[in-house]
Amino acid sequence: MFAAIIRFMASAPRTARGRATRERILQAATELVTERGVAGTSIDDVRERASASKSQLYLYFPDRDALLREVAGSTCDFVIESQADVLSAFHSIQGIERYLDALVALQVERQLPTGCPIASLAGQLADHDEPTRLILADGLDRWEAGLRDGLQAMADRGELRPGADPALMATQTLALLQGGLLLTQVRRDAGQMRIAADTVLGLIRAAVA
């Protein structure tokens, strides 16, 4: 909840034109951070990319940190929303296989694997700004919650052995996926993501009643 409040501390536009301008600035900042990293993105770079004046930018984002918090929040939203359909099937072995295959396929399709956008920002911002760290942590919490809900549904149907802990398994799953994404990014090898996905599947199969 606190992380969500932080995101909307910047001035909210009252008009459609204002909302469009704010969104254009946020989109420009997100693109630049993705392309160049946080250190390589300046306020002037964002203004130029967004074709916005300094007064327009500071009207909606009081300072660079406020803008980066919104970049972090929108990045988390994108990651969670982009996998919503396949994650909704994460409540059976077949659905889990489809979800894991989709994550691997995404890395295979990319000529230059980029890993996890949330983790990438965390490495650049988590130790710089506490509110931003909370926003990124909330994004990972939301991802983990989707995994946990699916595993809990299996437990409720009696499909997991007694003693299996859906919450712990969800954390283990997310940790394995994040490790696979990192290795894929650094080694430029989507096979690393396949290894992580197969490990997740093995972990869950071992807990099936």
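Some points to look at:
- Of the residues making up the stretch 133-172, those that are at pLDDT below 95 and among the polar types (S, T, N, Q) number 0.
- Just so you know, in the stretch 25-46 the residues that are touching a residue at least 40 places away in the same chain (Cβ under 8 Å) and in a helix (DSSP H, G or I) include one that is farthest from residue 78 (Cα to Cα), and it is 25.
- In the stretch 102-135, residue surrounded by the most Cβ atoms within 10 Å (Cβ to Cβ) [restricted to those that are touching a Lys or Arg at 6+ places or on another chain (Cβ under 9 Å) and among the charged types (D, E, K, R)]: 129
- Search result, residues across the stretch 156-209 that are crowded, with 16+ Cβ neighbours inside 10 Å, touching a residue at least 40 places away in the same chain (Cβ under 8 Å), of a type outside the set (A, V, I, L, M) and farther than 21 Å from residue 104 by Cα: 159
- Test for residue 130: is it closer than 17 Å to residue 208 by Cα and of a type in the set (D, E, K, R): no
- Listed by first and then second residue, the pairs linking a residue in the stretch 90-106 that is within 12 Å of residue 205 (Cα to Cα) to a residue that is crowded, with 19+ Cβ neighbours inside 10 Å and among the hydroxyl-bearing types (Ser, Thr, Tyr), with Cβ atoms under 8 Å apart and 6 or more places separating them unless they lie on different chains, form an empty list.
- Any chance residue 52 is within 21 Å of the chain's Cα centre (by Cα) and not acidic (Asp, Glu): no
- The combined condition, being within 30 Å of residue 120 (Cα to Cα), assigned by TED's automatic domain parsing to the domain that holds residue 79 and part of a loop (DSSP other than H, G, I, E, B), is not fulfilled by residue 198.
- Among the residues making up the stretch 47-63, those that are among the polar types (S, T, N, Q) and part of a loop (DSSP other than H, G, I, E, B) are 51, 53.
The values are calculated or read from the model by the stated rules, or taken from the named source; none is laboratory data. Please read all numbers here as calculations on a predicted model, not as lab measurements. All Cβ positions, even for glycine, are placed from backbone atoms using ideal geometry, and neighbour counts span all protein chains on display.
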